[in-house]
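Since every read-out is calculated from the coordinates, none of them should be taken as a lab result. Worth saying up front: this structure is predicted, and the values here are computed from it rather than measured. Here the Cβ positions follow ideal geometry from the backbone for every residue, glycine too, while neighbour counts run over all protein chains shown.
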Amino acid sequence: MRAFDDPTTRSFARMAGTLYLLIAGAGFFSILYVPARLEVSGDPAAALDAIAAGPGLFIAGVGGDVVMMLSEVVLAVMLFAMFRPYGAVLATAALVARLMMAAVMAAMLLPQAAILAIAMDPHLAMDMAARADLVWVLGRMDEAGVWVWQVFFALHLWLLGVLAWRSRAVPPLLSVMLAVGGTGYLVDSIRAVAAPSSAVLGAVGGALLAIVTLAEIGFALWLLSRGRVTPHARMADPA
């Protein structure tokens with residue numbers, strides 16, 4: 001556990017990079033792979049049948065969400081410790097924003113638990129049509145959770161990009177890509193809520209999300225291979 005003692009060491013940065021990649025892997029599994037296997041062309045009844053036939057995969061997806069959520073909490077605190085010297089208020093705001101994102105993710109586990117119960121409880125006094133309708137509503141709740149946590153994550157990435165730029169330790173291009181690309185999460189949430197059919201918002205959001213995905217992978221790899229944020233790299237606080 002000594003790797004967590006000093007945020008200016010390489011071992012601390014490597015641990016943060018490892019957590020970043022763990023979050024990426026768990027997120028790919030639970031957010032992309034599992035739903036693609038279990039959601040049958042947007043048909044809630046078919047999805048219920050798929051979950052009932054293979055509950056292990058659904059539960060594994062929930063487990064991936066839990067791994068991602070817990071890793072986010074630890075990583076948020078580690079990033080705060082690394083970048084606090086370059087702006088205590090901004091670093092604290094970035095910490096709170098990422099923790100809020102993790103809290104929303106935790107709340108999203110509740111509709112997932114309800115969907116599993118609906119699929120697996122043979123004594124539930126509801127016919128299949130009513131179950132499918134309820135699962136559809138719970139699915140929309142889960143989607144709304146994504147739109148909410150994306151807003152908090154956009155704020156976190158803006159602040160992290162500024163802090164990374166101030167540190168002069170993180171490659172400047174990565175800092176800019178984090179801050180600019182992070183806007184893609186906000187654009188995607190706005191499109192989903194206000195203009196789901198907007199091709200312009202879809203294209204802009206997709207381009208920004210591609211940028212921030214590359215930036216986050218690059219940032220994680222930088223933490224693993226070369227990352228070290230030390231007081232010697234500190235930018236002087238503006239007057």
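Taking each residue of segment 196-216 that is in contact (Cβ under 8 Å) with a residue 40 or more places away in the chain and looking for partners that are surrounded by 14 or more Cβ atoms within 10 Å (Cβ to Cβ) with beta-carbon atoms closer than 6 Å, six or more apart or interchain, yields V212/G181; V212/G182; V212/G184; A215/L174; A215/M177; A215/L178; A215/G181. When segment 196-213 is examined, which residues are found to be surrounded by fewer than 12 Cβ atoms within 10 Å (Cβ to Cβ), assigned to a helix (DSSP H, G or I) and not small (G, A, S)? Of everything in segment 196-213, just one residue is surrounded by fewer than 12 Cβ atoms within 10 Å (Cβ to Cβ), assigned to a helix (DSSP H, G or I) and not small (G, A, S), namely V200.
What number of residues within segment 42-72 are under 18 Å from W149 (Cβ atoms) and either of a type outside the set (A, V, I, L, M, F, W, C) or touching an Asp or Glu at 6+ places or on another chain (Cβ under 7 Å) (or both)? Residues in segment 42-72 being under 18 Å from W149 (Cβ atoms) and either of a type outside the set (A, V, I, L, M, F, W, C) or touching an Asp or Glu at 6+ places or on another chain (Cβ under 7 Å) (or both): 5 in total.
Okay, residues lined up against (1) more than 13 Å from the chain's Cα centre (by Cα); (2) farther than 29 Å from D127 by Cα; (3) surrounded by 15 or more Cβ atoms within 10 Å (Cβ to Cβ); (4) free of Cβ contacts under 8 Å to residues at least 40 places away in the same chain:
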site	(1), (2), (3), (4)
M15	yes, yes, yes, no
Y20	no, yes, yes, no
G25	no, yes, no, yes
L38	yes, no, yes, yes
A46	yes, no, no, yes
P55	yes, no, no, no
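Is one or more of the residues making up segment 140-162 under 30 Å from G54 (Cα atoms), outside any helix (DSSP H, G or I) and not hydrophobic (A, V, I, L, M, F, W, C)?
no
Scanning for something buried (at least 16 other Cβ atoms within 10 Å of the Cβ) and farther than 22 Å from Y20 by Cα, does segment 148-168 turn up at least one residue? No.
Taking the stated definitions as given, is V137 more than 18 Å from the chain's Cα centre (by Cα) and free of Cβ contacts under 8 Å to residues at least 12 places away in the same chain?
yes
Of A60, A97, A76, all but one fail to be part of a helix (DSSP H, G or I), surrounded by fewer than 17 Cβ atoms within 10 Å (Cβ to Cβ) and among the small types (G, A, S); the exception is A60.
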